[in-house]
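The values are calculated or read from the model by the stated rules, or taken from the named source; none is laboratory data. Note that the coordinates shown come from a computational prediction; the quantities given were computed from them, not determined experimentally. So basically every Cβ, Gly included, is an ideal-geometry build from the backbone, and we count neighbours across all protein chains shown.
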Amino acid sequence: MVINIQDLYKGFGETKVLNGFNLQLMEGENLVLMGKSGSGKSVMIKCLVGLMEPDSGKVEVLGKDISIMKRQELDELRADIGFLFQGSALYDSMTVRENLEFPLRRHTHKFDLKNTDELVLEALNNVGLPHTINMMPAELSGGMQRRIALARALILKPKIILYDEPTTGLDPITAKEIILLMLDIQKKYKTSSLIITHDVDCARVIANRMILLLDGINYAEGSFEELSAANDSKIKAFFK
């Protein structure tokens, strides 16, 4: 088990967002988390990486309790977590090379900067875009930007990858290419992935297991086939 969230509570004033949420991510697994907008997915992610302190509950990543870790320990742990942001979040003023070099320069404890060129090229080859190395983000299509963002998430060779709406804003063909690329990466690097998505087609292809977040709890868990065939009207609403 690489992520273990138990009985997680988080609220803001009178608004209760997470009400005893549980999630376990197994090694080498693609786990899809689906929830409506405002259901608490982003809050859960922030608690998971130590950017937000929960009101109560346990969060363990790679066997380490987030709540007792010091800042340096958290920074080192985050180097083992790749993050594909919604909308790619590339730095507009940096070239593709500089975008990929950025995490390497922040985590010099993990990689020798002498190997920067090799790591950048390896990451770009993984997403099929070595020719873009000196291009600016504005020169890339939306699908290419998403691939570069994935290369940046991969460059530290993380044990866990968090995907935040990886296919949002992409046309169906490009979205399918990104999904297949995510599967290739899982096979090549044996990564454990937590995928937050509203995209039913993405979930159908990529999920080994799914969790539905509703009313602040893990309302339902199971395979895509099990959940999509459920008679519960609240579960059915996710698959329309």
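Can we say Arg147 is of a type outside the set (A, V, I, L, M, F, W, C), over 21 Å from the mean Cα position of the chain (by Cα) and in a helix (DSSP H, G or I)?
Criteria not met by Arg147.
Answer yes or no: is there a residue in the stretch 77-87 that is modelled with pLDDT of 90 or more and either exposed (fewer than 14 other Cβ atoms within 10 Å of the Cβ) or touching a helix residue (DSSP H, G or I) at 6+ places or on another chain (Cβ under 7 Å) (or both).
So far as the stretch 77-87 goes, no, none of its residues is modelled with pLDDT of 90 or more and either exposed (fewer than 14 other Cβ atoms within 10 Å of the Cβ) or touching a helix residue (DSSP H, G or I) at 6+ places or on another chain (Cβ under 7 Å) (or both).
Read through the list (1) at pLDDT 90 or above; (2) surrounded by 17 or more Cβ atoms within 10 Å (Cβ to Cβ); (3) under 25 Å from Leu18 (Cα atoms), then give the number of the only condition that Ser223 fails.
Against the list (1) at pLDDT 90 or above; (2) surrounded by 17 or more Cβ atoms within 10 Å (Cβ to Cβ); (3) under 25 Å from Leu18 (Cα atoms), Ser223 comes up short only on (2).
In the set Leu170, Leu180, which member is in contact with a Gly (Cβ under 7 Å, 6 or more places away or on another chain) and modelled with pLDDT under 95?
Step by step, each of Leu170, Leu180 is checked, and only Leu170 is in contact with a Gly (Cβ under 7 Å, 6 or more places away or on another chain) and modelled with pLDDT under 95.
Got at least one residue in the stretch 131-149 being at pLDDT 90 or above, in contact with a Lys or Arg (Cβ under 7 Å, 6 or more places away or on another chain) and within 24 Å of Gln186 (Cα to Cα)?
yes
Need the failing condition index for Leu18 against (1) under 25 Å from Asp199 (Cβ atoms); (2) outside any strand (DSSP E or B), just the number.
Going through (1) under 25 Å from Asp199 (Cβ atoms); (2) outside any strand (DSSP E or B) one by one, Leu18 breaks only (2).
Based on what the data block shows, is Ala153 farther than 19 Å from Met44 by Cα and among the small types (Gly, Ala, Ser)?
Answer is yes for this residue.
Quick check: is even one residue across the stretch 55-70 in contact (Cβ under 8 Å) with a residue 40 or more places away in the chain, assigned to a loop (DSSP other than H, G, I, E, B), in contact with an Asp or Glu (Cβ under 9 Å, 6 or more places away or on another chain) and within 30 Å of Ile211 (Cα to Cα)?
yes
Checking the condition farther than 22 Å from Ile179 by Cα, surrounded by 17 or more Cβ atoms within 10 Å (Cβ to Cβ) and at pLDDT 90 or above, which residue from Leu33, Leu104, Leu8 passes?
Leu8
Those residues that are assigned to a loop (DSSP other than H, G, I, E, B), within 11 Å of the chain's Cα centre (by Cα) and within 19 Å of Gly28 (Cβ to Cβ), I need them from the stretch 159-180; list them, please.
Matches in the stretch 159-180: Pro166 only.
What tally of residues in the stretch 51-76 results from selecting those that are more than 26 Å from Gly13 (Cα to Cα), out of contact with any strand residue (DSSP E or B) (no Cβ under 8 Å at 6 or more places or on another chain) and β-branched (Val, Ile, Thr)?
0
Going through Asn218, Asn231 one at a time, which residue ends up being polar (S, T, N, Q) and either closer than 16 Å to Ala89 by Cα or touching a residue at least 24 places away in the same chain (Cβ under 8 Å) (or both)?
The conditions single out Asn218.
For Glu122, state whether it is modelled with pLDDT of 90 or more, surrounded by fewer than 20 Cβ atoms within 10 Å (Cβ to Cβ), in contact with a Phe, Trp or Tyr (Cβ under 9 Å, 6 or more places away or on another chain) and assigned to a helix (DSSP H, G or I).
No, not satisfied.
A quick yes/no check of all residues on (1) of a type in the set (D, E, K, R); (2) in contact with a strand residue (DSSP E or B) (Cβ under 9 Å, 6 or more places away or on another chain); (3) farther than 23 Å from Lys36 by Cβ:
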position	(1), (2), (3)
Ile160	no, yes, yes
Ile173	no, no, yes
His198	no, yes, no
Tyr219	no, yes, no
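Table: residues versus (1) in a strand (DSSP E or B); (2) free of Cβ contacts under 8 Å to residues at least 40 places away in the same chain.
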{"site": "Met182", "(1), (2)": "no, no"}
{"site": "Leu194", "(1), (2)": "yes, no"}
{"site": "Cys202", "(1), (2)": "no, no"}
{"site": "Leu213", "(1), (2)": "yes, no"}
{"site": "Glu226", "(1), (2)": "no, yes"}
{"site": "Lys236", "(1), (2)": "no, yes"}
